[in-house]
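See below for the structure under consideration.
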Amino acid sequence: MARRSKTRTPGGAPGPESGEDFEERILDIDVVDEMQGSYLEYAYSVIYSRALPDARDGMKPVQRRILYQMHEMGLRPDRSYVKCARVVGEVMGRLHPHGDSAIYDALVRMAQPFSMRVPLVDGHGNFGSLGNDDPPAAMRYTECRSAPAAGLLVDSIDEDTVDFAPNYDGSQEEPLTLPAAYPNLLVNGSSGIAVGMATNMPPHNLGEVVAAARHLIKHPGSDLETLMRFVPGPDLPTGGRIVGMDGVKDAYATGRGTFRIRATARVEQVTARRKGLVVTELPFAVGPEKVISKIKDLVNAKKLQGIADVKDLTDREHGLRLVIEVKNGFNPEAVLAQLYKLTPMEESFGINNVALVDGQPLTLGLKELLEVYVDHRFDVVRRRSEFRRSKRRDRLHLVEGLLVALVDIDEVIRIIRSSDNAAEAKAALISRFELSDIQTQYILDTPLRRLTRFDRLELEEERDRLRAEIEQLTLLLESDAELRKLVSSELAAVAKKYGTPRRTELLDAAEAPVAAVPLEVADDPCRVLLSSTGLLARTANGETAFAEAPKRAKHDVVVSAVPATTRGEVGAVTSAGRLLRLPVVDLPQLPESPSAPNLAEGMAVSDFLTLESGEQLVCLTTLDESSPGLAIGTELGTVKRVAPDYPANKEELEVIGLKDGDRVVGAVELRTGEEDLVFITDEAQLLRYPAGQVRPQGRAAGGMAGVKLGDGAKVLFFGAVDPSVDASVFTAAAADGTLDGGSLSTAKLTPFDQYPRKGRATGGVRCQRFLKGENRLVLAWAGAAPARAATRTGAPAELPEPDPRRDGSGLPLKGAVAAIAGPV
């Protein structure tokens with residue numbers, strides 16, 4: 001490689017054509033040496049002037065210059081905001097010879113509470129979002145000022161506490177480091193990529209770091225294990241959980257290590273029919289959009305199962321809230337385990353504690369980082385104390401001179417008046433009172449109004465105070481113990497004022513297992529229950545035989561119960577003659593209990609089925625085509641046995657063709673086909689006959705005559721009773737045939753075997769004799785004993801004692817009754 005240069009020969013200035021006045025010198029330089037030198041110069045500039053923080057104040061040059069310039073501009077927390085563009089311009093023009101984007105990016109990061117554990121800039125406007133999903137607004141729109149914690153980093157910088165150096169053009173000076181009243185490098189962490197090296201340090205809790213630093217001040221020989229009692233691990237601004245502490249311990253010992261951060265999520269009922277995962281904390285520097293995008297990609301690629309929908313409900317009031325809906329039939333815990341494995345909801349963080357120490361990049365452990373900071377703080381406090389002592393000594397020197405003059409003020413005035421000029425007066429005062437040149441000049445500059453007796457008292461008080469302060473500062477500078485005590489107390493004050501509780505949970509690997517559950521819900525047997533108040537639920541075991549509860553609770557009257565499996569379906573028969581398919585896995589599962597089931601934790605029918613106005617759910621049925629079928633009774637006396645033919649490709653089926661004005665009042669799935677069908681009319685007539693008298697029909701058929709009704713009568717109850725079991729009949733009558741607010745006039749409970757069988761389509765037998773004023777039954781039921789009653793709200797209700805007379809009159813009830821059912 002050749003480098004050309006021209007050298008002027010002796011003999012005067014050359015003209016434009018006097019090329020002979022120059023001689024050309026060509027230097028041969030090896031290209032390897034040239035590239036090596038240029039590369040080293042570039043690498044040195046990046047390492048020391050850009051990418052790596054100083055271990056003393058934890059600042060990169062651009063961050064330090066931003067905070068110092070904001071301090072010089074007076075942008076304190078109690079001042080108004082200014083445009084970020086103004087701060088960036090001042091920093092770039094005075095201190096930082098680089099582009100404005102680098103300066104603004106650094107300023108934005110220092111204002112982000114999700115990036116800094118203790119933000120250093122108080123931003124006003126859009127400063128971006130977690131994971132940079134929403135980038136910050138341009139600097140011409142945003143405003144800023146110093147955060148309260150930033151003042152601690154530059155506090156006492158004007159008291160000769162740190163060294164200064166010329167800026168890039170030598171026009172002014174800038175600090176080489178900041179006084180830093182707390183260990184900023186550990187508290188806020190740092191990241192940067194230099195040439196041939198990089199740094200990546202996680203944030204920590206201010207209170208914990210200060211406690212460790214104070215312990216190290218008091219016990220300089222402390223080992224790492226002792227310090228880790230105060231700083232157990234990183235404390236990230238976004239919270240989350242650190243899983244596995246081995247990597248953290250390695251990093252604290254050697255400066256290098258890796259740990260895993262896991263999002264904080266919990267299982268919730270996110271919709272009426274679905275459970276989901278609610279994520280409230282994500283790994284450090286991971287935004288919700290990144291997680292959502294990854295989940296969608298995995299779902300589209302069929303690598304992630306069980307996800308129904310993902311919604312980002314994050315706002316400023318509630319913070320991060322990422323809702324992941326889980327499909328019915330999948331275990332949310334297992335889906336969460338997949339998300340941890342396949343998405344950024346669990347990320348690794350590699351610690352690389354590289355920082356500048358005395359201008360040299362070093363990899364430091366926890367103890368070394370604390371030692372560098374503590375030594376720096378000792379130096380800052382020592383220099384600050386020396387500066388303050390020097391200032392107080394200078395002031396004391398002036399005060400003492402002024403007091404000397406005040407003792408004989410008349411002589412001072414006489415000497416000044418008799419002198420021809422200031423120089424002569426100054427020399428005369430020095431000779432007469434043995435004052436120094438500085439004291440004498442101060443006396444000459446002092447206005448006469450300061451020479452009163454009152455000012456003399458003030459000066460004497462100031463002299464005594466200055467002497468005490470100088471003595472205290474001298475003691476501090478001469479005693480290492482006092483210096484350590486002061487530094488420790490100042491750190492304690494910072495922690496007390498700015499310390500916050502820990503956000504990140506620390507878990508050993510053994511304490512944080514991923515849920516070892518199957519992805520899909522097992523197809524276990526269960527039972528689906530419908531309460532009298534319209535609540536649906538399923539039990540945990542289909543074979544459970546519930547005993548009579550010693551104490552009843554709300555919603556324990558179950559009007560329909562069918563066996564099923566968790567991943568199966570059941571049918572829901574409505575008063576409009578429709579059969580709707582109902583996925584069992586959608587239903588809430590009741591906790592296991594040996595007593596009667598309590599559906600208080602169930603969910604309303606409307607959450608699962610869409611019913612028309614006035615349409616009601618009558619009963620539940622299995623969709624087993626090998627069963628004897630479904631028996632249906634209508635309000636106008638029609639009966640039908642539905643052949644069990646339920647096409648799997650239809651969500652809605654018609655199971656009876658109803659006439660105009662008719663409705664289904666009861667339906668029941670036959671178990672054996674040997675049951676008795678029972679009609680009870682509002683005329684107090686009960687008809688009972690074997691189910692075999694009704695032939696099965698197709699789903700579209702309208703049924704056949706079931707019971708003979710009188711003029712204006714209607715069917716109040718229809719059901720099926722196994723004649724081989726103990727059963728009861730409940731009837732209740734009310735005046736004028738109305739049921740007002742659940743109150744009944746009279747009611748009776750009769751053994752079922754008191755009613756004889758009759759033929760189909762007959763009128764049956766009387767089941768209750770009306771008293772004066774009664775003309776209609778308003779509530780009736782027949783089924784296996786013992787009967788259980790409830791009010792409209794589902795509260796338990798009391799029934800009368802059994803009456804063996806099938807046509808006897810009823811007795812007054814002690815309370816309102818709205819629903820009757822037998823044991824489950």
Pairs needed: first member in the stretch 454-479, among the β-branched types (V, I, T) and assigned to a helix (DSSP H, G or I); second member anywhere, surrounded by 12 or more Cβ atoms within 10 Å (Cβ to Cβ) and modelled with pLDDT of 90 or more; C-beta distance under 6 Å; at least 6 residues apart or different chains.
I470/R389; I470/R392
Cβ-Cβ under 9 Å pairs, at least 6 apart or on other chains, the stretch 261-277 side more than 20 Å from L320 (Cβ to Cβ) and in the same structural domain as F330 (by TED's automatic domain parsing), far side aromatic (F, W, Y) and surrounded by fewer than 21 Cβ atoms within 10 Å (Cβ to Cβ)
A272/F608; R273/F608
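Name the residue that is modelled with the highest pLDDT, counting only residues in the stretch 241-277 that are among the small types (G, A, S) and touching a Phe, Trp or Tyr at 6+ places or on another chain (Cβ under 7 Å).
This residue is G247.
Would you point out the residue of the stretch 420-462, among those that are among the basic types (K, R) and within 14 Å of I409 (Cα to Cα), that is surrounded by the most Cβ atoms within 10 Å (Cβ to Cβ)? Lay out the reasoning, then the answer.
To start, the set of residues in the stretch 420-462 that are among the basic types (K, R) comprises 426, 432, 449-450, 453, 456.
If we keep only those that are within 14 Å of I409 (Cα to Cα) as well, we get 432, 449-450, 453, 456.
Working: R432: 13, R449: 7, R450: 13, R453: 7, R456: 16.
Checking each candidate, the answer is R456.
Just for the stretch 47-98: of the residues that are among the β-branched types (V, I, T) and part of a helix (DSSP H, G or I), which one is surrounded by the most Cβ atoms within 10 Å (Cβ to Cβ)?
The initial filter retains those residues of the stretch 47-98 that are among the β-branched types (V, I, T), namely 47, 62, 66, 82, 87-88, 91.
Keeping just the survivors that are part of a helix (DSSP H, G or I) gives 47, 62, 66, 87-88, 91.
Working: I47: 20, V62: 20, I66: 28, V87: 23, V88: 25, V91: 24.
For the stretch 47-98, the residue satisfying everything is I66.
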Quick check on G773: is it surrounded by fewer than 16 Cβ atoms within 10 Å (Cβ to Cβ) and in the same structural domain as V725 (by TED's automatic domain parsing)?
yes
The stretch 177-212, residues that are assigned to a loop (DSSP other than H, G, I, E, B) and either buried (at least 21 other Cβ atoms within 10 Å of the Cβ) or modelled with pLDDT of 95 or more (or both)
T177, L178, P179, A180, A181, Y182, P183, G189, P202, P203, H204, N205
Can you tell me which of D662, D722, D682 is surrounded by 15 or more Cβ atoms within 10 Å (Cβ to Cβ), farther than 28 Å from R788 by Cβ and either among the small types (G, A, S) or assigned by TED's automatic domain parsing to the domain that holds G633 (or both)?
D662
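If you go through the stretch 252-272, how many residues are among the polar types (S, T, N, Q) and within 19 Å of L339 (Cβ to Cβ)?
Residues meeting the conditions: 3.
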Going by what's in this entry, would G99 be described as in the same structural domain as M139 (by TED's automatic domain parsing) and within 21 Å of A51 (Cβ to Cβ)?
yes
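Could you please find all residues in the stretch 620-656 being charged (D, E, K, R), within 26 Å of L687 (Cα to Cα) and assigned to a strand (DSSP E or B)?
K640, R641
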Exclusive hit being out of contact with any helix residue (DSSP H, G or I) (no Cβ under 9 Å at 6 or more places or on another chain) and at pLDDT 95 or above, set L313, L236, L336:
L236
Return the residue satisfying two criteria in turn: it lies in the stretch 394-412 and is closer than 17 Å to D445 by Cα and among the β-branched types (V, I, T), and of such residues it is nearest to the chain's Cα centre (by Cα).
V399
Here is a list of conditions, (1) farther than 24 Å from L687 by Cα; (2) assigned to a loop (DSSP other than H, G, I, E, B), and S606 meets all of them except one; can you say which number that is?
(2)
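I want to confirm something. Restricting to the stretch 726-740 and keeping residues that are assigned to a loop (DSSP other than H, G, I, E, B) and out of contact with any Leu (no Cβ under 9 Å at 6 or more places or on another chain), which single residue is modelled with the highest pLDDT?
D726
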Considering D297, D309, which residue is over 15 Å from the mean Cα position of the chain (by Cα) and part of a strand (DSSP E or B)?
D309
Subset of the stretch 579-589 (residues that are surrounded by fewer than 21 Cβ atoms within 10 Å (Cβ to Cβ) and out of contact with any Lys or Arg (no Cβ under 7 Å at 6 or more places or on another chain)):
L580, R581, P583, P588
How many residues does the stretch 295-313 hold that are surrounded by 20 or more Cβ atoms within 10 Å (Cβ to Cβ) and not hydrophobic (A, V, I, L, M, F, W, C)?
1
State the number of residues belonging to the stretch 153-176 that are touching a Pro at 6+ places or on another chain (Cβ under 9 Å), surrounded by fewer than 21 Cβ atoms within 10 Å (Cβ to Cβ) and not in a loop (DSSP other than H, G, I, E, B).
4
For the stretch 353-393 the number of residues that are in contact (Cβ under 8 Å) with a residue 24 or more places away in the chain and over 49 Å from the mean Cα position of the chain (by Cα) is 3
Within the stretch 662-715, restricting to residues that are among the small types (G, A, S) and either part of a strand (DSSP E or B) or closer than 23 Å to V824 by Cα (or both), the one that is farthest from the chain's Cα centre (by Cα) is A705
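The values are calculated or read from the model by the stated rules, or taken from the named source; none is laboratory data. Since this is a predicted model, take the numbers as computed values, not measurements. Every residue, glycine among them, receives a Cβ derived from its backbone with ideal geometry; neighbour counts consider all protein chains shown.
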